[in-house]
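The values are calculated or read from the model by the stated rules, or taken from the named source; none is laboratory data. Since this is a predicted model, take the numbers as computed values, not measurements. Here the Cβ positions follow ideal geometry from the backbone for every residue, glycine too, while neighbour counts run over all protein chains shown. Note: accessible area is taken over every heavy atom of the protein model, side chains too, but ligands, DNA and RNA are not part of it. Shrake-Rupley method; radii C 1.70, N 1.55, O 1.52, S 1.80 Å.
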Amino acid sequence: MRPSHSLLIGAVSASLACSGGPTSTPAATPAAEVPSAAAPSADGATLESVGLDPLAMDSSANPCTDFYRFACGGWLDKTEIPADEATWTRSFHEIRKRNELELKRLLEAASQAPADPNARAIGTFYAACMDESLVNGLGAQPIAPLLAKAAQVKDAASVARLTTELHAAGIWLLFDVSPVQDPTDASRWIAGLDQGGLGLPDRDHYLRDDEQTRALRAFYTGHVERMLALAGLPAAAAKQGALDVLRLETELATASKTRVERRDPKGMFNRLSVARLRELAPAFDWRAYFEKLSVPTSSDVNVTAPHFLEGMQAVLKREGPAAWRAYLAWHIVRSTARTLSQPFVDEAFAMEQVLTGQAEQKARWRRCVAATDAALPDLLGQSYVATSFAGESKTAAEGMVHAISTAFGHELDTLDWMDAPTRSRAHEKLDAMAYLIGYPSKWKTYEFEIDPKTYSSNALRARAFDVARELAKVGKPVDREEWQMSPPTVNAYYDPQRNHMVFPAGVLQPPFYDVKSAAAVNLGAVGMVVGHELTHGFDDEGSQYDAQGNLKNWWEQPVNDRFKQKTACVADQYSKYEALPGLKLNGQLTLGENIADLGGVKLAYAALRATRSSEAAPVAAGGYSEDQQFFLAMGQAWCAKSRPEFERLMAQTNPHSPPRYRVQGALANLPEFAEAFACGARPEDQVCSVW
Ligand SMILES: [Zn+2]
């Protein structure tokens, strides 16, 4: 279980669907009064000169009724989602595209056998991945020994033994294991068990009965059958095996928690002794499991869903050897298919295509860049920051964090629903909140063999090495300086148990941050991101952790009751938005992210106001006031287009709202936005306000 809260998961989604939500308040100002994007202001400053893109806008749209269209309309009209993508954003994906090209250049140089051992490691890994004919020539050979073991299981005990071996190899099935911070003492690692073992993205994909989901399951069953056949099973066995896999996974899904249930930190932390694990799932040899993984069991183990282990026990008792053989073989293939020969890669993509609508596979070099970043993140990261992370962005980001943090402190002092004791504890948490910018202070090293001839085995060794390094943390103190994202990653996160925010070098790039852009534009783009991460410390989940990262209530009850009323307003607001016609957002699933978006834009705006009092009069650009530039920057950072399949998948699984609502939902609650565009005040009972 990773308790961190990132800015986006994997990718973001956007929707052009019309919203019946609160942003449809009638405009007080006709759109014609908004100045044209192209016109320079009296002093000659243009939108481009402050870092905004006038061509991305649609200045004929009414900013009061459809600000997303106003900020992004031009971009939405001219942008086509690339064939090898499911979604495309003006910020995240454009930056990622630049980063990928730079990483490719670095890796190609590194694959020319340089003297530096770090460069040689990433170069060899990348070159082995790029050697398509060698990979294709090996077929399923790299996983043949594992498949042979799967074909021999005969009872629950042998299933448990092979599961243990596969977990050590970083092949996940049945459940997941990782170190987690002790909920009552966040400074120490304990072992954590989480539900898992499914091949579809969500437990509801096994349980819902609508037409779309039934079709997805039918495709999935065929996909498992084709994969098992590729792995060498005779046709009849592959067919039956796929049915067995679906039944077995459905049983695991039934015992699993929903995504909304998984947002309750108290429910997710259940400290159990190994003796108690044996009571819940006696068919699994827990002692042998932890021993083989070198995990000490002197302290309790955290279990996110004790009920899931009981479900797993029932499945271990109920299912026969043939079903287990199919299940184990399927997860070995599923987990490694992208590192194997073309038929495996194509079949894995066929499933992805159904889930996301992506038309074409990514070019091999893009997949190999991503694989190298996953296997050797700190080695590739060192090369990346050397060429792509100027010192000035780090200084600017630090300044931004201080400005936003100060704004939150002021905000805390003025909130009328706070009382003195809770306010002072909130300040304590804010003061203790740390931040990491750019890249880690200590780089990790990697001790595993990288063979120029076998890409798949390299990838497996990288995983096994990572599992061993992770699990070796159990029983040890937590290093608060450790990173959970690689430096080139275009994302950011807040970790409630470490009470820190992390901003990788990858996100501190244009259009999020540009040294040449105006302060208002940088604050609207990356300032909002900083405010978003900081607010996670105080969202419906983060607020349950104290300054030290322990799951401990620091709220006075009446204040907490008022806080819950305020967050319920946000849940209601977003539950009305539609990702696709007829497909509403889940206001409970997206609650934490929506609270963070609201807080993010509000804090970034407050920081802008604070700089204004001390500096020269604000500069208009292209006829837009500084406040308007701020909101345009915020909107343009989230211009996005997605395929409908991807929209649907994200609405079901992603805790983030589609970008369109991340902009419009947040701004609908900000009177300063309405003021900046002369939209007229919204009735107070239609405005949500938390932080
Ligand atoms: Zn977030």
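Starting from 0.36 nm per residue, how many nanometres of slack lie between Glu132 and Asp264 once their C-alpha separation is accounted for?
43.0 nm
Under 19 Å Cα to Cα from Lys516, which lysines show up? Leave out anything in the same chain fewer than 8 places away.
Straight-line reach from Lys516, under 19 Å: Lys394.
Between Leu583 and Arg318, what is the label-to-label distance in nm when each label sits 7 Å out along the Cα-to-Cβ direction?
About 3.0 nm separates the two model spin labels.
Expressed in nm to one decimal, what extension gain is obtained for the pair Ser49 and Asp561 from 0.36 nm per residue of sequence separation less their Cα-Cα distance? If you can, show how the numbers build up before the last one.
Values: separation 512, 0.36 × 512 = 184.32 nm, distance 4.70 nm.
Roughly 179.6 nm would be gained on extension.
What's the carbon and sulfur percent of region 330-385's accessible surface, probe 1.4 angstrom, rounded to a whole number?
53
Under DSSP H, which helices of the chain have Cα atoms covering 30 Å or more of the helix axis and a Kyte-Doolittle average no less than -1.0?
Qualifying helices, which must be both long enough and hydrophobic enough, are 391-414, 591-614.
For q values of 0.23 Å⁻¹, compute log₁₀ I(q)/I(0) with the Debye formula on a Cα-only model of region 86-189, without solvent.
-1.07
Just the number, please: percent antiparallel of the DSSP beta bridges in the chain, rounded to the nearest 5.
Of all bridge pairs located within the chain, approximately 80 percent are antiparallel.
For the cross-link pairs Lys266/Lys444; Lys444/Lys476; Lys78/Lys602; Lys239/Lys362; Lys97/Lys641, which exceed 27 Å when the distance is taken from alpha carbon to alpha carbon?
Cα-Cα > 27 Å for Lys266/Lys444; Lys78/Lys602; Lys239/Lys362; rest within.
Using a 1.4 Å probe over the heavy atoms of the protein chains, calculate the carbon and sulfur portion of the accessible area of region 443-561 as a whole percent.
Carbon and sulfur atoms account for 53 percent of the accessible area of region 443-561.
Report the net charge of residues surrounding Ile450, where surrounding means a beta-carbon distance below 9 angstrom and charges are Lys +1, Arg +1, Asp -1, Glu -1.
0
Return the calculated 222 nm mean residue ellipticity for the chain, to the nearest 500 deg cm²/dmol, obtained by summing -39500 (n - 2.57) across DSSP H runs with n ≥ 4 and dividing by the residue count. Display every interim value, and only then the final one.
Working: 29 runs with 352 residues, N = 691.
For the chain, the value works out to -16000 deg cm²/dmol.
How far apart, in nm, are two points set 7 Å out from the Cα along the Cα-to-Cβ line at Ser187 and at Arg214?
Between Ser187 and Arg214, the simple spin-label model gives 5.8 nm.
Add +1 for every Lys or Arg and -1 for every Asp or Glu among the other residues with Cβ under 12 Å from the Cβ of Gln358, and state the total.
Taking every Cβ under 12 Å from that of Gln358, the sum is -3.
Please give me the summed charge of the neighbours of Arg96: other residues whose Cβ is under 14 Å from its Cβ, Lys and Arg +1, Asp and Glu -1.
Result for the neighbourhood of Arg96: +1.
List the lysines whose Cα lies under 17 Å from the Cα of Lys317, skipping any in the same chain that are fewer than 8 positions away.
Qualifying lysines at Cα under 17 Å: Lys154.
So what is the accessible area of the chain per residue, in Å², with the probe set to 1.4 Å?
38
Mind giving me the FRET efficiency for Ala472 and Ala157? R0 is 25 Å, r the Cβ-Cβ distance, nearest 0.05 is fine. Walk me through the numbers before you get to the answer.
On the way: r = 27 Å, r/R0 = 1.07.
Calculated value: 0.40.
In whole angstrom, note down how far apart the Cα centers of region 462-484 and region 49-125 are.
Rounded to whole Å, the Cα centres lie 31 Å apart.
Calculate the spin-label point distance for Glu482 paired with Ser299, positioning each point 7 Å from the Cα along the beta-carbon direction, and give it in nanometres.
Each label point lies 7 Å from its Cα, and together they span 1.2 nm.
Provide the gained length on full extension for the span Leu207 to Lys292, in nm with one decimal, where the gain is 0.36 nm per separating residue minus the Cα-Cα distance.
Contour length minus Cα-Cα distance gives 27.2 nm.
Could you tell me the largest-minus-smallest coordinate of the C-alpha atoms of the chain on each of the three principal axes, in descending order and whole angstroms?
Principal axes ranked by extent give 78, 57, 53 Å for the Cα atoms.
Among Ala45, Ala606, Ala426, pick out the residue whose Cα is farthest towards the positive end of the charge dipole of the chain, where Lys and Arg carry +1 and Asp and Glu carry -1 on C-beta, about the Cα centre.
It is Ala426.
Sorted by average packing, counted as other Cβ atoms within 10 angstrom per residue and highest first, what order do 113-121, 341-349 take? List each step's numbers first, then the result.
On the way: 113-121: 14.0, 341-349: 18.0.
Top of the packing list down: 341-349, 113-121.
How high is the FRET efficiency from Ala148 to Glu398, r the C-beta distance, R0 45 Å, rounded to 0.05?
For R0 = 45 Å, the calculated efficiency reads 0.25.
Looking at region 373-421, which chymotrypsin sites (Phe, Trp or Tyr not before Pro) are DSSP coil and have at most 14 other C-beta atoms within 10 Å of their C-beta? Before the final figure, lay out the partial values.
On the way: sites: Tyr384, Phe389, Phe408, Trp417; in loops: Phe389, Trp417.
Those that pass, being in a loop and sparsely packed, are Trp417.
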